[in-house]
Every structure is written in C-alpha cells, then in structure tokens.
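Participant: Handing you this structure, nothing more for now.
Please treat every number below as a calculation from the coordinates, not as lab data. As the structure is a prediction and not an experimental result, all values here were calculated from the model. Note that each Cβ is placed from the backbone with ideal geometry, even for glycine, and that neighbours are counted across all protein chains shown.
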Amino acid sequence: MDLGQGFPEWTELGQDSGLDPLGMQRPIEVIYQSIVPGISTITLRYRYYSFFPFIIRHYEEKIRHSDPYEFRKFQRRCEALFALICTYGESELGIAGSDWANRMLNDAHAAAGEAAIVDLSVSADPDADESQRYLRNKGGAFGAIYATQMSEMGLIYFPRAGDPNPNPVCSDLALKLADAFSQGLGATADEFFELVAAGKIALSSLQSFEAMKPSRLRLGSDEHILLTDILFGKFEARSETDLMRRRTLQMLLDVSATSHSIPHADQVKWHWFENVPNLQGGSHHEVPHLWFLYQACDLMRLAYEAILSAALTLLETAPRRRMTLADLTDELIGFAELAGDQTWEDFSLGLADEAAAAREHAQAMLSAMEEGETAEQVRLAVTLIAILYDRSSAAKSLIEEALSGADYFQSLRTEVQFLDRARTGWASRVIADLIRERVLKRHMWVASRKFRNQKAYTFHMEPEEGQLRYRSHFRVSPSSPRLDQALRFLRDINLIDENGITERGRAEMATA
C-alpha cells in the first residue's frame with residue numbers, strides 16, 4: 001500500500017488528544033481507508049450525499065458565479081437552513097450545526113413563538129465571528145466533512161488549477177441524485193432556495209420542509225434506489241474502491257443478520273479478526289483478510305502505547321518526575337515477568353493459541369490501565385505482543401504485501417520483523433530492547449520529527465541532563481475505522497434496523 005511521502009501527519013483515528021505518539025497510526029488508517037472508501041468517521045448521515053448534489057446543481061444552473069467565496073457563502077446558507085429544518089420538531093441525529101440550530105430555534109420561539117423569524121445570514125457568513133457561526137470551520141460541512149468522501153465515490157469533481165470554474169461540480173451520477181432529491185420535495189425545492197437567498201425563515205415554515213430530513217427518505221423512491229446502488233457500487237463504471245466498500249457492507253449485513261440487532265463496531269472488529277478465512281493464503285486484495293490485518297495492526301499499536309503510558313506513569317511518580325532511560329527500562333521489564341532462561345520464541349509459543357486470546361488480553365490490558373494497575377498493564381501488553389507475533393506467522397505474505405511502505409512508519413510488519421530477528425534471544429533481553437528502542441526512544445524520535453516538520457510540540461517526556469522528565473499523559477484507545485458510520489448509512493437506507501437485517505437488506509445480500 002502507498003503510505004505517501006514524509007512523516008505521519010495527524011490522523012482521524014479515535015484518539016481524543018489527536019496525537020500519534022509512536023507514529024503507528026498511518027499504516028492502520030491506510031488499511032481501513034481502502035476497505036471503507038467514501039465514508040469517514042465524521043460523515044454521519046448518508047442523505048447528505050443527495051443534499052449536496054441538490055444544492056451544487058442549483059448553483060451551477062442558477063448562480064454560476066466562479067468566485068469560490070460566493071459558492072462558500074451560498075453553500076453555508078444552504079447547510080444552516082438544512083440544520084434548522086432537521087432540528088425543528090423531531091430532531092435528527094448527525095446533523096452538522098445542530099447545536100447552533102437548537103439555540104436559534106429555542107431563542108426565537110421564546111421571543112415570538114411560531115411567528116418568529118430566524119435570521120441565518122450572519123451565522124452562515126464564513127467571515128462572521130467564530131462564536132456566531134453555525135459551524136466554526138469556514139468550509140462548512142461540505143468542505144470539512146463530505147466533499148472528500150463524495151469525490152471518492154465519484155459524485156463530486158474538483159476542477160484542476162487554472163480551470164475557469166474553480167468550484168466543485170456534480171458528476172452525471174450526482175446530477176441524477178439531485179433530480180431524484182428535488183422530485184421528492186416537489187414545490188418546496190424552489191422555496192428552499194428562495195429562503196437561502198433571503199437568509200431568513202419563519203419558524204412556522206420549517207414544518208413544510210420535513211421531506212428533506214434524512215429519516216424521511218422515501219423507501220423505494222428513485223433517490224432511495226440510487227443511494228443504495230451508489231453505496232454498493234452497482235454501476236458498470238464501478239471502481240476497485242467501490243467493490244471493496246461493497247464487500248465490507250455485505251459483511252456488515254451478514255453480521256447484522258446473525259446478531260438480530262445493529263452490531264457495535266467493536267463486536268464486528270473482533271468477529272472478523274477471530275473468524276478470518278484461510279489466513280495462510282491471505283491477500284491484500286481480499287477484504288476479510290484486510291479487516292484481520294487492520295485489527296492486528298491496531299492491537300500492536302495499543303500494546304506499544306500501553307507500555308509508553310506505563311512509562312509516563314512511572315516518570316510522573318518518580319522523584320522530581322525524572323528517571324534515567326536505563327532505570328525506566330529496567331522497571332518496565334520487571335513488570336513483564338519473563339523467565340531469565342526463556343527465549344522470545346519459547347515465550348510466544350507457550351501462550352494460549354485460542355482465537356479469543358488476543359481479545360481477552362487486550363480487554364484486560366485496557367481495564368488494567370483504567371484501574372491504575374501499571375505492572376499488570378505492562379505484563380498484559382507484552383503478552384499481547386507475543387500473541388500477535390505468533391498469530392502473524394500465518395499471515396507473513398499478507399503483511400508484506402499490504403504494509404510494504406517505508407519503515408519510518410512503525411507497523412505490525414516492522415515489529416514482526418524486529419521480533420523475528422530476535423526470536424532466539426532471551427525474552428527479557430528482547431523486550432528490554434523493544435521497550436527502550438521501539439517505544440521510549442521511538443517516541444522521542446517521532447516527537448522531534450513532528451516538531452521539526454509540523455511545528456507541533458508533542459513530547460510526553462523530555463530528555464534533560466541525562467534523564468527523562470515527565471511532561472504529560474495521552475489517551476490510549478482502540479481506533480474507529482468507520483464501521484459505526486457504515487452501519488448508520490445502512491440504517492439510513494433501511495437495510496438494517498434495531499432487529500438486525502431487514503427484508504430489503506436480505507434482498508441486497510441475495511444479489512451478492
């Protein structure tokens with residue numbers, strides 16, 4: 001897989017701090033981007049993929065101003081009005097600007113009841129004070145959230161530099177969606193754009209636009225059929241990415257059918273990891289194998305970050321919050337409880353080989369972190385690393401094919417290679433080297449590169465006069481690979497519901 005040039009940038013994985021302290025997230029992100037393309041962790045409602053073609057087509061046909069600033073003002077007014085519509089009455093989940101819309105609706109109703117007029121022109125202005133905007137990001141929901149994913153699905157095109165129209169345009173497929181969305185609205189489609197131009201709306205008028213809400217997608221309509229076909233890549237011109245997304249979605253339908261409910265993303269990840277077919281002959285072109293690899297990579301990252309977190313805990317409680325690298329490594333290796341006469345190979349082969357062993361150790365490791373059991377946290381992290389190393393022995397060709405990027409991206413591949421080279425060494429020495437070189441020093445190297453290249457100071461420990469000094473902790477958590485959002489999309493088009501797969505979902509599975 002192509003990991004791109006340079007050092008890892010911030011990623012969209014589920015770290016609240018936004019940091020990647022060991023530079024291990026980018027390879028993981030590349031894997032799941034390839035198997036859930038066109039959906040991100042912040043694309044929350046699928047009907048936005050109809051709404052944006054609807055407003056872009058109107059701009060292309062009726063306004064046609066080439067200035068990107070004018071397009072952005074128009075787009076933001078459309079989004080703000082859409083937020084008011086979706087928040088009025090029975091509020092919709094996952095709507096960009098819904099917090100702002102709630103405040104505006106409540107204030108207006110308190111002032112003048114249903115006769116109140118809501119002025120959205122200031123809040124939609126990209127140059128308004130940040131505190132007044134419906135979304136702080138000047139690009140709005142389209143620019144900040146949906147545009148990239150819609151482009152990946154072949155719905156939106158961005159003109160090349162120098163093009164006389166620098167604004168995004170709809171593909172033929174998107175124009176069909178815009179037509180279908182507009183037909184479902186009837187006369188209110190034109191009324192919507194009249195209100196956008198006016199920049200204000202009466203509370204009493206919002207009810208007439210109920211048909212625009214994501215939950216009001218009419219099942220069996222042209223729009224519904226198009227959205228389903230686009231999501232599952234059913235068109236003749238479908239790309240490899242469409243086929244990858246289709247396979248992931250079919251796997252989600254299968255899990256939903258088995259569970260008789262909407263499964264949690266964590267449940268899905270473990271199910272696919274523990275039930276991967278024919279791992280020995282795994283291919284980076286096969287979606288089930290890539291989901292196994294995704295989880296294995298993320299678990300290795302979690303184990304390494306758990307060790308780094310334990311190191312920070314020791315530093316924080318040390319005298320003057322300082323320790324030498326040697327003392328810190330020795331204390332951490334002591335927690336691992338490794339026999340002095342045991343090789344790394346013997347240690348990793350002596351662990352439980354049940355499919356659920358990785359799950360049990362990962363969950364116990366995270367629980368130990370929450371409960372402040374630092375020694376147990378390190379012991380479980382080391383054991384999890386050994387389990388992953390042993391499990392990866394059957395997937396070496398898959399790992400090499402899928403993770404063949406530059407080695408400055410630390411990944412399951414680089415760590416398995418390191419452990420392979422050291423397999424006949426004493427386990428305690430191998431883990432000591434891992435902790436010192438691949439966790440502690442690695443963090444210092446990653447932080448220094450980020451400081452030099454991105455001007456971001458991300459050190460959680462600092463070198464000072466031959467010692468390491470504590471700076472701050474970070475949050476260790478499993479990543480979020482777009483599965484919750486994919487499940488939300490399946491729910492939006494009625495292929496799954498609270499009882500699992502629907503009849504429409506079963507019909508979709510039958511066409512696989």
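Participant: What FRET efficiency, computed as 1/(1 + (r/R0)^6) with R0 = 60 Å and r the Cβ-Cβ distance, is obtained for Arg218 and Ala110, rounded to the nearest 0.05?
Facilitator: That gives a FRET efficiency of 0.95.
Participant: In the chain, with Lys and Arg counted as +1 and Asp and Glu as -1 at Cβ, which of these residues, Gln149, Ile385, Gln485, has the Cα nearest the positive end of the dipole, that is, farthest along it?
Facilitator: Gln149
Participant: Name the long-range amide H neighbours of Gly500: under 5 Å, sequence gap of 5 or more, or other chain; modelled H, no Pro or chain starts.
Facilitator: The list, which skips near neighbours in sequence, is Ser261, Ile262.
Participant: Please work out whether the chain counts as rounded, prolate or oblate from its C-alpha gyration tensor, where a ≥ b ≥ c are the square roots of the eigenvalues and a/c under 1.5 means rounded, while otherwise a/b larger than b/c means prolate and anything else oblate?
Facilitator: Note, shape of the chain comes out prolate.
Participant: Note the angle between two axes, namely the Cα long axis of helix 222-231 and the longest principal axis of the Cα atoms of the chain, as a number of degrees from 0 to 90, rounded to the nearest 10.
Facilitator: Long axis of 222-231 versus the principal axis of the chain: about 20 degrees.
Participant: With N set to the residue count of region 281-470, report its C-alpha Rg divided by 2.2 N^0.38 Å to two decimal places.
Facilitator: Normalised by 2.2 N^0.38 Å, the Cα Rg of region 281-470 equals 1.04.
Participant: Quick one: putting +1 on the C-beta of Lys and Arg, -1 on the C-beta of Asp and Glu, what dipole do you get for region 281-470 around its Cα centre, in Debye to the nearest 20?
Facilitator: 920
Participant: Can you compute 3J(HN,Hα) from phi for each residue in region 489-494, using the Karplus curve 6.51 cos²θ - 1.76 cosθ + 1.60 with θ = phi - 60°, rounded to whole Hz and x for Gly and Pro?
Facilitator: With the stated coefficients, region 489-494 comes to 5, 4, 6, 4, 9, 6 Hz.
Participant: Another question, if that's okay. Using only Cα atoms, find the angle between the long axis of helix 287-317 and the longest principal axis of the chain, and express it within 0 to 90 degrees, rounded to the nearest 10.
Facilitator: 60
Participant: What FRET efficiency comes out for Gln417 versus Lys441 if R0 is 22 angstrom and r is the Cβ-Cβ distance? Round to the nearest 0.05.
Facilitator: Efficiency, from the Cβ-Cβ distance: 0.80.
Participant: Could you list the chymotrypsin sites (Phe, Trp or Tyr not before Pro) in region 195-258 that lie in coil according to DSSP, counting only those with at most 15 other Cβ atoms within 10 Å of their Cβ?
Facilitator: Phe235
Participant: Using a 10 Å cut-off around each Cβ, can you sort Phe273, Phe459, Phe292 from fewest to most neighbouring Cβ atoms?
Facilitator: With the sparsest Cβ surroundings first, the list reads Phe459, Phe273, Phe292.
Participant: Here's a follow-up. Report, in whole Å, the centroid distance computed from the Cα atoms of region 392-462 and region 158-224.
Facilitator: 48
Participant: Within the chain, what's the longest run with no trypsin sites (Lys or Arg not before Pro) in a DSSP loop and at most 12 other beta-carbon atoms within 10 Å? Give the range, please.
Facilitator: 219-454
Participant: How big is the gap, in Å, between the Cα center of region 225-242 and the Cα center of region 284-335?
Facilitator: Centre-to-centre (Cα) distance: 40 Å.
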